[in-house]
Amino acid sequence: MRASELYAPTLREVPAEAELLSHKLMLRAGLIRKAAGGMYTYLPLAWRVMKKISQIIREEMDAKGGQEIMMPITQPAEIWKESGRWAVYGDEMMRLKDRHGREFCLGPTHEEMVTTLIRGEVNSYKQLPLMLYQIQNKYRDEIRPRFGLMRSREFVMKDLYSFDKDVEGMNISYEKMYDAYSKVFTRCGLKFRAVEADNGAIGGGHSHEFTVLAPSGESSIAYCENCDYAASDEKAELKVITSEVEELKSLEKVKTPDCHTIEMVKNFLNVPIEKTIKAVAFQDDDGKLILAFVRGDHEVNEIKVLNATGALHLHMSEESAINAVGGCAGFMSPIGLKDGAIIVVDATVMEMYNAVAGANEIDAHFINVTPKRDFDAKKIIVADIRMVQEGDPCPHCGESLKMTRGIEVGQVFTLGNKYSKALNVTFLDENGKEKFFEMGCYGIGVGRTMAAAIEQNNDKDGIIWTRAIAPFEIVIAVVNAKDAAQIEYAEKLYNELKNLGVDVLLDDRQERAGVKFKDCDLIGYPLRVTVSPKTLDTNSVEVKVRKSGDIFYYNRAECVEKICHILNEL
RNA sequence: CGGGGUAUGGCUCAGUUUGGUAGAGCACCUGCCUUGGGAGCAGGGGGUCGUAGGUUCAAAUCCUAUUGCUCCGACCA
């Protein structure tokens, strides 16, 4: 490919619409252009990257027995009504009607499609396991598309669906996909973690999110450097922190004028923050008051509160609800409250001795609170309800957890028979018994993977592609393209490399050298070979590694071999 | 859906307060010059100022409505 023929409109200035670094770089480097909110055209460079990522995915899916298919983007409403998700999916689903008024949607996902595909066709356990996948556009009418390809309304996704005869088989398929995903993201040169995730409404099975580590990511994860443990911040389990047993002092009420925050109480009474108990008041959808208590230096994890109480949604409570049970905002504790509230106490709080907690009256706190003694065990729920913090012990090995942010690029989870049951799709097992398929589904955002790679690999000059997914592996920059000698020299080298199967771009544009160098750095080809009057004089070439900035000079005779060698190291 | 911002040439923006007939830089075209880090000189093309109403002798500018985009929040496989 010649740069003079390549459609890659680079920009000097950043369009105002972009905020995220990867988004800015993709626009500036001429990778993408916006068509509408959350919808982008992939220009040649981006599409080359996407094709390379897709190919890696294909190879790894096929290696596990996956078979590629292509299902329609447009799906009939009937199957969604049958599974019950036509109503559940809400505004996020793009809906349309044909000329006869029949309802369709643009597929946000394809469980219904693939499950009904095999309905009546796969009838025997002998045909299992089966893994089908596609790489195709998905549609989700996001409330707020943003960050370019990170959160768009139309996006390219690989989705694979596994069908097994039993849970055991399903778990094997899951493990295969977990392994395949690790290989895919490793080959893409990404630093990532497989993060334990919540299965949410589906429940029961396993779920991992494959998260690329990047400070700009939308999700926050806790991970351990000592073992493999990693979990989303909301999912991260926490062990009880025990404190040294102390001699119990008697409960005492003290005046704490105007001390309605933990910080003020701590300072006023001059106690360490670890000796204080904090209250957070929620109400569920029915208006039921839920009081959550954690140690003063901890934060409440709302998801865990939901799980502990069985509530479906939480919002901050009205003051009147607090007053109704004899509480007092800013000065609350479980001691002496009237019935009517669900009280959830973090397990770590139950291990505290002689602590400070609210007295349920204005400007007063209790001191010497020992929850084991002073809280009414019959009226409280004890559970892990705190949010993980940096330095908390790993639930697997006990080492300190680290916190980081990440971009979710893939997810694997087991579905069980949720969809086969809803859509009534069965087969006959060894005993001639009718059974529902045990399914799993596994997604990778292709565009998001590309964006994440940029987010993780860039510098002030632009993108730094890893070789495996670079739009071109090498660019040959001709300093003066009007000089026939340089062009001729470069073309010869270009052909040699091309014949060896190297993915090479010849920058033969009649631009000044500075423009070419800037573009090369911005687009981020892993290797740049420069042909100039200087190199011509010495019958050599200059090779620059984008990532390290290292520059090498090689004689013409040995340069092809040397270039291939460097390439293999990248 | 709530709150803010914004809309002027392909891009970045000025001009709006105080109405007077549209500007800069970059990009583009032509020529010259130049070729190791987004050069220089000269000439040139391109905008019904988001849209629709209204006020006015006169509207990019003031008023009303509407739409797109964007940020924060809520929400989110």
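In table form, for the structure just shown:
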quantity: Dipole axis of region A:252-383 (+1 Lys, Arg; -1 Asp, Glu on Cβ), positive-most option in A:THR370, A:ILE380, A:GLY287; calculated: A:THR370
quantity: Per residue value of the accessible surface for region A:252-383 (all protein chains in place, 1.4 Å probe), Å²; calculated: 44 Å²
quantity: Percent of beta bridges antiparallel (DSSP, region A:444-570, rounded to nearest 5); calculated: 55 percent
quantity: Surface accessible to a 1.4 Å probe, A:HIS100 within the full protein complex, Å²; calculated: 130 Å²
quantity: Computed magnitude of the charge dipole of region A:472-569 (debye, nearest 20; Cβ of K, R +1, Cβ of D, E -1); calculated: 240 debye
quantity: Contact order relative to length of region A:472-569, as percent, for alpha carbon pairs under 8 angstrom and 6 or more apart; calculated: 29 percent
quantity: Sequence-separation-based contact order of chain A, relative, with Cα cut under 8 Å and 6+ spacing, percent; calculated: 17 percent
quantity: Solvent-accessible area per residue for region A:24-170 (1.4 angstrom probe, square angstrom); calculated: 45 Å²
quantity: Segment A:VAL167-A:SER219, length gained on full extension (0.36 nm per residue, minus Cα span); calculated: 15.7 nm
quantity: Inter-centroid distance (Cα atoms) of region A:294-309 relative to region A:462-536, Å; calculated: 56 Å
quantity: Tensor-based shape of region A:478-536 (alpha-carbon gyration tensor, a/c under 1.5 rounded, otherwise prolate or oblate); calculated: oblate
quantity: Qualifying trypsin sites (Lys or Arg not before Pro) in region A:338-406, DSSP loop, other Cβ atoms within 10 Å at most 10; calculated: A:LYS338
quantity: Chain A - mean residue ellipticity at 222 nm from DSSP helices (-39,500 (n - 2.57) per run, n ≥ 4, rounded to 500); calculated: -8000 deg cm²/dmol
quantity: Carbon + sulfur, % of accessible area of region A:472-569 - ligands and nucleic acids excluded, 1.4 Å; calculated: 47 percent
quantity: Full-extension gain in nm, A:SER243 to A:ARG556, via 0.36 nm per residue minus C-alpha separation; calculated: 105.6 nm
quantity: Two-site FRET efficiency, A:ASP537 against A:ASN495, from Cβ-Cβ distance with R₀ of 25 Å, rounded to 0.05; calculated: 0.70
quantity: Gap separating the Cα centres of region A:540-564 and region A:222-287, nearest whole Å; calculated: 59 Å
quantity: About the Cα centre, charge dipole magnitude for region A:252-383 (Lys/Arg +1, Asp/Glu -1 at Cβ), debye; calculated: 460 debye
quantity: Total charge dipole magnitude, chain A, about the Cα centre, Cβ charges on Lys, Arg, Asp, Glu only, Debye to nearest 20; calculated: 1540 debye
quantity: Stokes-Einstein D in µm²/s, Kirkwood radius over Cα pairs - region A:252-383 at 4 °C with 1.567 mPa s viscosity; calculated: 89 µm²/s
quantity: Charge tally in the Cβ shell below 11 Å around A:ARG467, where Lys, Arg are +1 and Asp, Glu are -1, A:ARG467 excluded; calculated: +1
quantity: FRET efficiency, 1/(1 + (r/R0)^6) with R0 22 Å, evaluated for A:ILE273 and A:ILE381 via beta carbons; calculated: 0.35
quantity: Of A:LYS51/A:LYS183; A:LYS138/A:LYS435; A:LYS97/A:LYS138; A:LYS253/A:LYS275, those spanning more than 21 Å from alpha-carbon to alpha-carbon; calculated: A:LYS138/A:LYS435
quantity: Farthest positive-ward along region A:472-569 dipole, Cα basis, beta-carbon charges - from A:GLN486, A:GLY524, A:VAL543; calculated: A:GLY524
quantity: Sulfur and carbon atoms: percent of accessible area, region A:1-86 [1.4 Å]; calculated: 51 percent
quantity: For region A:336-395 versus region A:142-213, the gap between their alpha-carbon centres in whole angstrom; calculated: 37 Å
quantity: Model label zone, A:GLU434; criterion: amide N under 18 Å from point 7 Å along Cα-to-beta-carbon; scope region A:100-129; calculated: A:116-126
quantity: Sequence-separation-based contact order of region A:394-527, relative, with Cα cut under 8 Å and 6+ spacing, percent; calculated: 22 percent
quantity: Protein accessible area in region A:252-383, 1.4 Å probe - carbon and sulfur %; calculated: 52 percent
quantity: Descending principal axes extents, chain A, alpha-carbon based, whole Å; calculated: 94, 66, 46
quantity: Radius 12 Å from Cβ of A:ILE73, net charge of other residues (Lys, Arg +1; Asp, Glu -1); calculated: 0
quantity: Accessible solvent surface per residue of region A:480-539, calculated while the other protein chains remain in place, 1.4 angstrom probe, Å²; calculated: 49 Å²
quantity: Listed residue (A:LEU128, A:THR109, A:LEU415) projecting farthest to the positive dipole end of chain A, Cβ model; calculated: A:THR109
quantity: Cα pair distances exceeding 18 angstrom across region A:77-226, given as percent; calculated: 71 percent
quantity: A:VAL14/A:GLN510 FRET efficiency (R0 30 Å; Cβ-Cβ; nearest 0.05); calculated: 0.70
quantity: Candidates per trypsin sites (Lys or Arg not before Pro) in region A:238-269, loop by DSSP, up to 12 other Cβ within 10 Å; calculated: A:LYS249
quantity: For chain A, cysteines whose Cβ has no other cysteine Cβ within reach (under 4.7 Å); calculated: A:CYS105, A:CYS188, A:CYS259, A:CYS328, A:CYS441, A:CYS520, A:CYS559, A:CYS564
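The values are calculated or read from the model by the stated rules, or taken from the named source; none is laboratory data. Everything quoted here is computed from the prediction, not taken from an experiment. With ideal geometry, Cβ positions are generated from the backbone for all residues, glycine too; neighbour counts draw on all protein chains shown. The area values use the complete protein model at the heavy-atom level, side chains included, leaving out ligands, DNA and RNA. Shrake-Rupley method; radii C 1.70, N 1.55, O 1.52, S 1.80 Å.
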